[in-house]
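The next block holds one structure in the form of structure tokens; read it before the comments.
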Amino acid sequence: MQTQDHLSSSALIRRHDRRKIRWRPILTAYAFLLPYTVAFLVFQLIPFLTGIALSFARWELLEGTQDFVGVQNFAEIFGDSLFWQSFAVSFYFAVLTMAGNAIVALAAALALKNVLRGQTFFRVVLYLPVILSISVIGIVFGRVISNDGLLNYYITQLGFPAISFLGNATLVIPSLSLVTVWWGFGFPTLIFLAALYSIPESLYEAAKLDGAGSIALFRYVTLPLLRYALLLVLVTQFISHMQVFGQPYILTKGGPGYASYPLIMYIYQTAWRYYHMGYAAAMAALMGIFMLVVVLFQTRILGQRVEF
Amino acid sequence: MSARRWRRRFTRGTIVSYLFLGLLAFLVLFPVIWIVAQSMMTESQIYRWPITFVPAPLTFDNYVDLFVKRPSRPELPIARWLFNSILVATSVTTLILTVTSTAAYAFARFDFPGNKFLFYCFGASMLIPSQITLIPTFLIVRAFGWVDSYHALIWPPLAGFFGVFFLRQFFSTIPRDFEDAAIIDGCSPLGVFRHVILPLSSSALVTLGIFTYLASWNDFVWTLIVLNSNEMRTLTVGLTIFNGEYWSEQGIIMAGAVFTSLPVVIVFLILQKRISESMLLAGLGGR
């Protein structure tokens, strides 16, 4: 009751204020908004519109030519086998890493919630790799999964032949994906943990009274209530790993052959080594549209799950 | 189910959890410890087979070498790179916190025409993948004459909407009574913002600050694109290029990796409690 009174009295005060000086708060609001809006216009809206325009142009930075060519860039891209190869590399990597991160993070979060003593220690340790930079990851795993590295040391100790993790065309993407899971699973772990703590204990009590075992508890209470966290993790993971660049750039240079040559590396080299800005922009636009479609698809599938 | 059986099952679950977490922690720490150990070894011990873990003799030459110029290898201006990284990440974080918090406050608390419309317009930009804007942003930065300067790294990240979105959510949870009291006491809108809203949002600001700082510190693609000269590079890019061009001395590279990670790790250890706290508060997981 008392909070009700508070609310209405504060609303009264606000309404009173507004009647007295109507334009002041509006100008104040715009003043507060101004710095962000300027940054948004210059570095988001204008680049976005330019990017769309650029993808319909032949723009060679070195020759200085800028011609409108319609959909020619897109037509060329559809016949460009390297585009499809690098697209497949990025997509395969993104799906593997997204799944790996989500599974490891969910398991880690469930385990963390089970543990009271030492939870902070484990949480800090599991998050530690997230704060390392890509250059450090490159240096560490250059040593760990190289042919004469730490991992192969133990593999040969056990009597198996050494595995060329980065030199083998079928193994290179799963290997890079494994490195990336090591690097990144700590972040989704925190998201899942926060979501687990937001599930009311009373739901578990009620389900236990109804005789639910631990598997049933997970399947019918935990999992449905983690839906939004899962959606958040899958969407953000897919977006960020579809854009993979640093790991192959440092560890494999895209090799062997083009087996780990991701789309961003192709776009990067097209634009900044060969200066075909229009063609690169068209590839970027296609990639952006594809990612948008996948995200909308993920949102639909997970969003429409039946309420419990 | 009897209480005893329940308790037994509970302990079994806890044991499995500890084992699993122990395994994960081992897998995380093992390579890290090995690299730290190698950074304190002589070059011949680093390449010794079978692999060793205890530096013998223990040497800090690799760390000293980071700061000493040698004619036999490309230049490694690590102190300058460290300075660049700190300067850029600090500027970006300060500016983003300022710009996004003011905008978020306007969206959360003011009833101006276009509030909803602008919020959704800006918000839609979060769906636009950064690839589409990457090349045009480079062309804009180039037109400003910012290639190979700090400006190129500091200003473009300000356009990101996530901070505004995150802080607006948080500001909306603050009861209005606090502001009303301040207004009655004669506080201006800027005063309310500075003395009421910001202090009450410190954990959200710290979280956003940490994520921004890390993102800036670790940025790779953009930094690679807009910087050319060796002494302008950040640690992340400088160390990577040095590593790629110069393979013959592994010890110094690993010392570089450890040395450059240390500041971030220390800051993280100090602030780690804040991160998980405000993730709960901001409802990043739940809803």
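The values are calculated or read from the model by the stated rules, or taken from the named source; none is laboratory data. Computed from a prediction, not measured in an experiment: that's the story for all the values here. No Cβ is skipped: glycine too gets one built from the backbone with ideal geometry, and neighbour counts run over all protein chains shown.
Among (1) loosely packed, with under 15 Cβ neighbours inside 10 Å; (2) of a type outside the set (Gly, Ala, Ser); (3) under 32 Å from the mean Cα position of the chain (by Cα); (4) at the interface with chain A (Cβ under 10 Å from one of its Cβ atoms), there is one condition residue B:177 misses while meeting the rest; what is its number?
If we test residue B:177 against (1) loosely packed, with under 15 Cβ neighbours inside 10 Å; (2) of a type outside the set (Gly, Ala, Ser); (3) under 32 Å from the mean Cα position of the chain (by Cα); (4) at the interface with chain A (Cβ under 10 Å from one of its Cβ atoms), just (3) comes out false.
Given the criterion outside any helix (DSSP H, G or I) and either among the aromatic types (Phe, Trp, Tyr) or closer than 23 Å to residue B:101 by Cβ (or both), identify the matching residue among B:197, B:183, B:174.
Values: B:197 fails: outside any helix (DSSP H, G or I); B:183 fails: outside any helix (DSSP H, G or I).
Within the list B:197, B:183, B:174, the selection yields B:174.
Provide a single number: the residues in segment B:41-57 that are out of contact with any Gly (no Cβ under 8 Å at 6 or more places or on another chain) and either in contact (Cβ under 8 Å) with a residue 60 or more places away in the chain or among the hydroxyl-bearing types (Ser, Thr, Tyr) (or both).
The initial filter retains those residues of segment B:41-57 that are out of contact with any Gly (no Cβ under 8 Å at 6 or more places or on another chain), namely B:44-45, B:47-57.
This time we only want the ones that are either in contact (Cβ under 8 Å) with a residue 60 or more places away in the chain or among the hydroxyl-bearing types (Ser, Thr, Tyr) (or both), so: B:44, B:47, B:52.
Summing the residues that are out of contact with any Gly (no Cβ under 8 Å at 6 or more places or on another chain) and either in contact (Cβ under 8 Å) with a residue 60 or more places away in the chain or among the hydroxyl-bearing types (Ser, Thr, Tyr) (or both) in segment B:41-57 gives 3.
Pairs needed: first member in segment A:45-57, within 7 Å of chain B (Cβ to nearest Cβ) and farther than 16 Å from residue A:67 by Cβ; second member anywhere, assigned to a helix (DSSP H, G or I) and hydroxyl-bearing (Ser, Thr, Tyr); C-beta distance under 7 Å; at least 6 residues apart or different chains.
Taking only residues 6 or more apart or on different chains, the pairs are A:47/B:133; A:47/B:137; A:48/B:133; A:51/B:133.
Got at least one residue in segment A:244-262 being touching a helix residue (DSSP H, G or I) at 6+ places or on another chain (Cβ under 8 Å), facing another protein chain (nearest Cβ under 10 Å), closer than 26 Å to residue A:75 by Cβ and buried (at least 19 other Cβ atoms within 10 Å of the Cβ)?
no
Yes/no matrix, rows are residues, columns are (1) closer than 30 Å to residue B:98 by Cβ; (2) surrounded by 15 or more Cβ atoms within 10 Å (Cβ to Cβ); (3) assigned by TED's automatic domain parsing to the domain that holds residue A:290; (4) not acidic (Asp, Glu):
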residue: A:34; (1), (2), (3), (4): yes, no, no, yes
residue: A:40; (1), (2), (3), (4): yes, yes, no, yes
residue: A:44; (1), (2), (3), (4): yes, yes, no, yes
residue: A:47; (1), (2), (3), (4): yes, yes, no, yes
residue: A:50; (1), (2), (3), (4): yes, yes, no, yes
residue: A:60; (1), (2), (3), (4): no, yes, no, no
residue: A:63; (1), (2), (3), (4): no, no, no, no
residue: A:67; (1), (2), (3), (4): no, no, no, no
residue: A:79; (1), (2), (3), (4): no, no, yes, yes
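Restricting attention to segment B:233-257, and to residues there that are surrounded by fewer than 20 Cβ atoms within 10 Å (Cβ to Cβ) and not polar (S, T, N, Q), which single residue is nearest to the other protein chains (Cβ to nearest Cβ)?
Taking the candidates together, the pick is B:244.
Go through (1) within 9 Å of chain B (Cβ to nearest Cβ); (2) touching a residue at least 24 places away in the same chain (Cβ under 8 Å); (3) within 21 Å of residue B:215 (Cβ to Cβ) for residue A:124 and report which single condition fails.
For residue A:124, the exception is condition (2).
For a quick check of your reading: which helices (runs of 4 or more DSSP H) sit entirely within segment A:200-247 and have at least 2 residues that are assigned by TED's automatic domain parsing to the domain that holds residue A:179 and closer than 29 Å to residue A:287 by Cα?
Working: elements: A:201-209, A:214-217, A:227-242.
So the answer is A:227-242.
On the given criteria, is residue A:212 among the aliphatic types (A, V, I, L, M), within 12 Å of another protein chain (Cβ to nearest Cβ), crowded, with 23+ Cβ neighbours inside 10 Å and in contact with a Phe, Trp or Tyr (Cβ under 8 Å, 6 or more places away or on another chain)?
Numbers: among the aliphatic types (A, V, I, L, M): yes; within 12 Å of another protein chain (Cβ to nearest Cβ): yes; crowded, with 23+ Cβ neighbours inside 10 Å: no; in contact with a Phe, Trp or Tyr (Cβ under 8 Å, 6 or more places away or on another chain): yes.
For residue A:212, the condition - among the aliphatic types (A, V, I, L, M), within 12 Å of another protein chain (Cβ to nearest Cβ), crowded, with 23+ Cβ neighbours inside 10 Å and in contact with a Phe, Trp or Tyr (Cβ under 8 Å, 6 or more places away or on another chain) - is not met.
For residue B:154, work out the one condition from (1) among the aliphatic types (A, V, I, L, M); (2) farther than 22 Å from residue A:138 by Cα; (3) free of Cβ contacts under 8 Å to residues at least 24 places away in the same chain it doesn't fulfil.
Of the numbered conditions (1) among the aliphatic types (A, V, I, L, M); (2) farther than 22 Å from residue A:138 by Cα; (3) free of Cβ contacts under 8 Å to residues at least 24 places away in the same chain, the odd one out for residue B:154 is (3).
Just the residues that are within 20 Å of the chain's Cα centre (by Cα) and at pLDDT 85 or above, please, taken from segment B:240-260.
Just the residues of segment B:240-260 that are within 20 Å of the chain's Cα centre (by Cα), to begin with: B:240, B:256-260.
Of everything in segment B:240-260, those that are within 20 Å of the chain's Cα centre (by Cα) and at pLDDT 85 or above turn out to be B:256, B:257, B:258, B:259.
Here are the criteria: (1) facing another protein chain (nearest Cβ under 10 Å); (2) within 28 Å of residue B:231 (Cβ to Cβ); (3) out of contact with any Ser or Thr (no Cβ under 6 Å at 6 or more places or on another chain). Tell me which single one residue B:193 does not satisfy.
Result: residue B:193 passes all but (2).
Need pairs with beta-carbon distance below 6 Å; first residue in contact (Cβ under 8 Å) with a residue 40 or more places away in the chain and within segment B:166-195, second not in a helix (DSSP H, G or I); sequence gap 6+ or separate chains.
From residues that are in contact (Cβ under 8 Å) with a residue 40 or more places away in the chain, the pairs are B:170/B:201; B:170/B:282.
For segment B:146-163: of the residues being part of a helix (DSSP H, G or I) and farther than 21 Å from residue B:118 by Cβ, which is farthest from the other protein chains (Cβ to nearest Cβ)?
Applying the first criterion (part of a helix (DSSP H, G or I)) to segment B:146-163 yields B:150-154, B:156-159, B:162-163.
Still in the running and farther than 21 Å from residue B:118 by Cβ: B:150-154.
Working: B:150: 15, B:151: 12, B:152: 11, B:153: 12, B:154: 11 Å.
Filtering segment B:146-163 for residues that are part of a helix (DSSP H, G or I) and farther than 21 Å from residue B:118 by Cβ, the one farthest from the other protein chains (Cβ to nearest Cβ) comes out as B:150.
From the set of residues in segment B:46-80 that are more than 14 Å from chain A (Cβ to nearest Cβ) and in a helix (DSSP H, G or I), which is farthest from the chain's Cα centre (by Cα)? Full working, then the answer.
Residues of segment B:46-80 that are more than 14 Å from chain A (Cβ to nearest Cβ), as a first pass: B:54-61, B:63-65, B:67-75, B:77, B:79-80.
So of that shortlist, the ones also in a helix (DSSP H, G or I) come out as B:61, B:63-65, B:79-80.
Details: B:61: 30, B:63: 24, B:64: 27, B:65: 27, B:79: 20, B:80: 20 Å.
Among residues in segment B:46-80 that are more than 14 Å from chain A (Cβ to nearest Cβ) and in a helix (DSSP H, G or I), the one farthest from the chain's Cα centre (by Cα) is B:61.
Using the structure shown, decide if residue B:205 is within 12 Å of another protein chain (Cβ to nearest Cβ) and buried (at least 19 other Cβ atoms within 10 Å of the Cβ). I'd like the intermediate steps shown before the answer.
Values: within 12 Å of another protein chain (Cβ to nearest Cβ): no; buried (at least 19 other Cβ atoms within 10 Å of the Cβ): yes.
It is false that residue B:205 is within 12 Å of another protein chain (Cβ to nearest Cβ) and buried (at least 19 other Cβ atoms within 10 Å of the Cβ).
When you scan segment A:254-262, do you find a residue that is in a helix (DSSP H, G or I) and either aliphatic (A, V, I, L, M) or in the same structural domain as residue A:179 (by TED's automatic domain parsing) (or both), even just one?
No - not one qualifying residue is present in segment A:254-262.
Just wondering, is there one or more residues in segment A:92-113 that are surrounded by fewer than 19 Cβ atoms within 10 Å (Cβ to Cβ) and at pLDDT below 90?
The answer is yes; a qualifying residue exists.
Run residue A:95 past the list (1) among the β-branched types (Val, Ile, Thr); (2) under 24 Å from residue A:244 (Cα atoms); (3) touching a strand residue (DSSP E or B) at 6+ places or on another chain (Cβ under 7 Å) and report the number of the one that doesn't hold.
So residue A:95 meets the others, but not (3).
Return the residues of segment B:96-155 that are over 26 Å from the mean Cα position of the chain (by Cα) and of a type in the set (S, T, N, Q); say none if nothing qualifies.
Residue satisfying the conditions is B:115 alone.
Which numbered condition trips up residue B:223, out of (1) closer than 26 Å to residue A:242 by Cβ; (2) free of Cβ contacts under 8 Å to residues at least 12 places away in the same chain; (3) of a type in the set (Ser, Thr, Tyr)?
Going through (1) closer than 26 Å to residue A:242 by Cβ; (2) free of Cβ contacts under 8 Å to residues at least 12 places away in the same chain; (3) of a type in the set (Ser, Thr, Tyr) one by one, residue B:223 breaks only (2).
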